[in-house]
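Inspection log for the structure reproduced underneath, given as C-alpha cells.
The values are calculated or read from the model by the stated rules, or taken from the named source; none is laboratory data. From a predicted model like this one, the values you see are computed outputs, not experimental measurements. All Cβ positions, glycine included, derive from the backbone under ideal geometry; neighbour counts span all protein chains shown.
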Amino acid sequence: MSGAESYFLSFTLYAIPANIIGGMCFVIGREKLGLMRLEYFFIYVPWLVLILLTGGFFGTGAMVTDDMSLNTFITLVQSIACGVLGGAILWPRFYFKAETTNEKLRITALSTISVSVVYAFTRIILFAGIQALM
Amino acid sequence: MSDVLLSFLIYAIPANLIGGTAFLSGRKRAQMEGLEYFAIYGPYVAFVTMSAGYLNHPESLANNATFHTFAVVLQPIGSGVLGGLTLMPRLFIQPAERLKRLKVTAICTLAMMAVYMMSRLMLFAVLGASYE
C-alpha cells in the first residue's frame, strides 16, 4: 500500500463509522431539526486533520513508510477511530436550538472545531513517537 | 492528588457534558434507567487498564513533565469524549423490552472501549518504551 492507494483505503475506512454514526444523525436530523445538506460534509473534517498530521510527520508522498505493522496501524486503525469522532460532529445540533441558517452553521462549525482539536491533541505524541521509531 | 483521581476527574468533565446531556434527554425520550448512566465510564476502565499494563510504574511518569501531562491530563479528555458518545446510539435505537435496551447499551460500551483501546495501543506502547 503506498501513495494514493493508502489515502483511498484510509478514506474508505474513515467513511464506514462516520456514516454509520453521523449518517444516522443526519437522516434523523433532516426531519427533526432541518439539517442542511451542507452540514453533512462537516463529518469529513477530522479526516483532513488525520491527513495533515500524517503529512506533517511522515511526509506527503505516501501516508506511511514500508513498515507493514505501522502502516496498517495508521492507515486502518487510526482511520476507524477518527471516523467515530467524525460521526459525532452532528450530535450537538440535537441539543442546541437553532432557527436561522447562521445559527445552525455556527453550532456545526464549533463542534467540528472541538472534535478536530480533541483528535489532534490526543494523537500528536502518538505520531511523534511512531516517527521516532522509524 | 493521585494520578488516578486526577485523570478520573478530567475524564468526567467531557463524559458528563456529552453523555450527561444524552442521559438526561434519554430519560424522557428513550426510557433510559439509572444503570445505563454508568456505561459512560466504560472507556475510563479501558484507559486505566492500558495505563496499568504499559505504564505500570506511575511514579516513573512524574520524571517527564511532558509525557506526564499528556498521559494524565490529555488522554482522559480524549477518552471522555468517546465515553460520552456511548449513550448516543441508545437515543436512535429504542427497543420495547428492557433487556434489549440494556443489550444495546452494553454493545455500545464494548464498541467504544474497543475503539479506544485499538487506537491507543501503540501510543501507550511507545510511551512505556520511552521510560526504559
Next on the checklist: Checking the condition outside any helix (DSSP H, G or I), surrounded by fewer than 18 Cβ atoms within 10 Å (Cβ to Cβ) and out of contact with any Lys or Arg (no Cβ under 7 Å at 6 or more places or on another chain), which residue from A:23, A:34 passes?
Outcome noted: A:34
Item to check | Search result, residues across the stretch A:76-134 that are within 20 Å of residue A:35 (Cα to Cα) and assigned to a loop (DSSP other than H, G, I, E, B) | outcome: A:95, A:96, A:97, A:98, A:99, A:100
Checklist entry - If only one of A:133, A:70 is of a type outside the set (Asp, Glu), surrounded by fewer than 16 Cβ atoms within 10 Å (Cβ to Cβ) and at the interface with chain B (Cβ under 10 Å from one of its Cβ atoms), which one is it? => result A:133
Item to check | Residues within the stretch B:1-45 that are under 12 Å from the mean Cα position of the chain (by Cα) and of a type in the set (Asp, Glu), tallied | outcome: 0
Next on the checklist: Show me the helices (runs of 4 or more DSSP H) entirely contained within the stretch B:15-132 in which 2 or more residues are hydrophobic (A, V, I, L, M, F, W, C) and within 8 Å of chain A (Cβ to nearest Cβ).
Outcome noted: B:75-84, B:88-92, B:98-129
Next on the checklist: Exactly one condition in (1) out of contact with any Lys or Arg (no Cβ under 9 Å at 6 or more places or on another chain); (2) within 12 Å of chain B (Cβ to nearest Cβ) is false for residue A:43; which is it?
Outcome noted: (2)
Checklist entry - Given B:72, B:45, B:104, which one is out of contact with any Lys or Arg (no Cβ under 7 Å at 6 or more places or on another chain) and modelled with pLDDT of 90 or more? => result B:45
